[in-house]
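Below is one structure; the comments refer to it alone.
The values are calculated or read from the model by the stated rules, or taken from the named source; none is laboratory data. Keep in mind it's a predicted model, so treat the numbers as computed, not measured. Cβ coordinates were reconstructed from backbone atoms using ideal geometry, including for glycine residues, and neighbour counts include every protein chain displayed.
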């Protein structure tokens, strides 16, 4: 039996060190050193290799090293192979930090003050209490709920939207396409934390932006393909949206001539809102291996019918 | 009996509206309309007028409209006149928001990503968990403790320093000049929330910076005169400090040719970290008037011997 890792090799070395300390009985290999192919029972990868079960006939679980699984073709994996998403505490904490920072930045006019500094202008804007600022989160999974929990401690007015109805303490919850406009109408700062599925591809488009109140802003930490780039540029141009923090794009990296780079109302970061932390990721993977061996349900198991 | 307000007149109109609603029996005047001088029992001001008790012989309380009282000469007020600082929940919440935003910005390398965007460079920096980031707060008053309370929910390693020893849940506390170096040595992100007194004037100087580890950063939300500007520029120049968020300066506004404006490692905001919110400020003032009339101790009463 062995464990094969196929992702960033620098972090792979940290995984190897952690496996050696915490699970010395599990032989650990870093791609392209696969060891004996027929002994590979567990594979962790950002994107699985082609013909994964042909190559590894005894594979029992595929672990995605990311929180999402849209970076590979789920249908290309055999239906009986369990696919597990990364939902370790490190990735959650990182997202909470980044989203909180971005929401506070819009709440406190940081982008405007950065522009004013460049212009050499000393002028205060009125501060509104968080209780008068409406923050809406698209996606009420582990990440969306954790972000809302943190924003709640700051006193914001909160709403959330998901495909199926959810209940979240202190959050006005909306569900399904038909309730999306009502949620958007009451949102000053919109945070996208949706999974990427055929239904959510391109969801951040001009129709959605038009439902937001004039002057709203966007924190995009979902997936690049959620966002219609020309629609965002247009909404910023007309002043309908006042600003955007964009951490994910399609493609990544953005080409050098892409208008997001130099846009004065876009704060662009290179897909760093959250990254899997080796320490906590290995703990989650080992816990799932123990659960699998004990016949217990896996944490983060992907529901193939929903696609996340 | 009447209440006189002498500060920003736009906010004064809001105070007047709130007084009319909450304390219709208290005649409210906005400077320079002082009404009948001998009827003024309460005065709220950023800076008191000269010869305040000569002009208002029946004055019973002076309310500062700011959290600090260093903007005027305390010694010029008669010693028996109670002086009350503003410590209303609005000013506390604003400071918590701003300081949390600034700490998260350094924790998540936001200044570096802003520079990278200008350069058109897509490169991720490693994310460290908050539990490995050491945040130290100078000043453990109402504001310092509130900021630490919020940072604690994000999982940072916290320390605090004050003149006299304090105990704060989840925070390693240091006290007095002799323990300051030990606190600084263990601080990656330093937040200044001290009152301005003769002892703290110029405290953010090259001696203090040298005790910080190389690469540390500064969030300055105390008072302008805490900070030695050339020392900060020098520490950034040599790379000893990696960045600073500066909300308060001396003088304010900064002159147009001041090097902070264009400095790539300084994020400058125009003293907006926190502002008194009329709604909650009026509540605090009215509560103190009721306490005063009932002979109860005032909230936010300045200790003249400490100077804050």
In the stretch B:68-116, residues that are farther than 30 Å from residue B:48 by Cβ and either more than 21 Å from the chain's Cα centre (by Cα) or at pLDDT below 90 (or both) total 10
Considering each of A:94, A:90 in turn, give the residue that is more than 28 Å from residue B:278 (Cα to Cα), assigned to a helix (DSSP H, G or I), within 14 Å of chain B (Cβ to nearest Cβ) and touching a helix residue (DSSP H, G or I) at 6+ places or on another chain (Cβ under 6 Å). A:90
Where residues in the stretch A:267-288 are free of Cβ contacts under 8 Å to residues at least 24 places away in the same chain and within 17 Å of the chain's Cα centre (by Cα), which of them is surrounded by the most Cβ atoms within 10 Å (Cβ to Cβ)? A:268
Based on this model, can you work out whether residue A:254 counts as crowded, with 16+ Cβ neighbours inside 10 Å, farther than 20 Å from residue A:217 by Cα, touching a strand residue (DSSP E or B) at 6+ places or on another chain (Cβ under 8 Å) and not assigned by TED's automatic domain parsing to the domain that holds residue A:63? yes
Across the stretch A:172-200, what is the number of residues that are in a loop (DSSP other than H, G, I, E, B), closer than 30 Å to residue A:73 by Cα and touching a strand residue (DSSP E or B) at 6+ places or on another chain (Cβ under 9 Å)? 3
Could you figure out which of (1) crowded, with 19+ Cβ neighbours inside 10 Å; (2) closer than 26 Å to residue B:152 by Cα isn't true of residue A:174? (2)
Could you please find all residues in the stretch B:140-171 being more than 23 Å from residue B:275 (Cα to Cα), assigned to a helix (DSSP H, G or I) and either in contact (Cβ under 8 Å) with a residue 12 or more places away in the chain or more than 14 Å from chain A (Cβ to nearest Cβ) (or both)? B:152
For the stretch A:250-266 the number of residues that are within 7 Å of another protein chain (Cβ to nearest Cβ) and under 23 Å from the mean Cα position of the chain (by Cα) is 3
Any idea which of (1) modelled with pLDDT under 95; (2) over 21 Å from the mean Cα position of the chain (by Cα) is the one residue B:308 doesn't satisfy? (2)
Across the stretch B:108-122, which residue is nearest to residue B:268 (Cα to Cα) among those that are more than 7 Å from chain A (Cβ to nearest Cβ) and in a loop (DSSP other than H, G, I, E, B)? B:109
Considering only the stretch B:114-122, I want to know if a residue exists there that is farther than 22 Å from residue B:244 by Cα and touching a helix residue (DSSP H, G or I) at 6+ places or on another chain (Cβ under 7 Å). no
Let me confirm something: among B:46, B:15, B:31, which residue is touching a strand residue (DSSP E or B) at 6+ places or on another chain (Cβ under 9 Å), surrounded by fewer than 20 Cβ atoms within 10 Å (Cβ to Cβ) and over 19 Å from residue B:272 (Cβ atoms)? B:31
Residue B:102 in contact (Cβ under 8 Å) with a residue 24 or more places away in the chain, within 14 Å of another protein chain (Cβ to nearest Cβ) and under 30 Å from residue B:156 (Cα atoms): yes
When you look at residue A:218, is it over 14 Å from the mean Cα position of the chain (by Cα), in contact (Cβ under 8 Å) with a residue 40 or more places away in the chain and buried (at least 17 other Cβ atoms within 10 Å of the Cβ), yes or no? no
Kindly evaluate residue B:98 against the criterion of being farther than 30 Å from residue B:292 by Cβ, out of contact with any strand residue (DSSP E or B) (no Cβ under 8 Å at 6 or more places or on another chain) and crowded, with 16+ Cβ neighbours inside 10 Å. yes
Where residue B:37 falls short, out of the listed (1) modelled with pLDDT of 95 or more; (2) surrounded by fewer than 14 Cβ atoms within 10 Å (Cβ to Cβ); (3) over 14 Å from residue B:278 (Cβ atoms): (2)
Any residue in the stretch B:237-247 that is closer than 30 Å to residue B:14 by Cα and either within 13 Å of another protein chain (Cβ to nearest Cβ) or modelled with pLDDT of 95 or more (or both)? yes
Restricting to the stretch B:265-294, give me the number of residues that are modelled with pLDDT of 95 or more and assigned to a loop (DSSP other than H, G, I, E, B). 7
Of all residues in the stretch B:123-133 being outside any helix (DSSP H, G or I) and crowded, with 19+ Cβ neighbours inside 10 Å, the one that is farthest from the other protein chains (Cβ to nearest Cβ): B:133
Would you point out which residue out of B:239, B:222 is part of a loop (DSSP other than H, G, I, E, B), within 28 Å of residue B:140 (Cβ to Cβ) and not assigned by TED's automatic domain parsing to the domain that holds residue B:11? B:222
Can you name every residue in the stretch A:64-80 that is surrounded by 18 or more Cβ atoms within 10 Å (Cβ to Cβ) and either touching a helix residue (DSSP H, G or I) at 6+ places or on another chain (Cβ under 9 Å) or outside any loop (DSSP other than H, G, I, E, B) (or both)? A:64, A:65, A:66, A:67, A:70, A:77
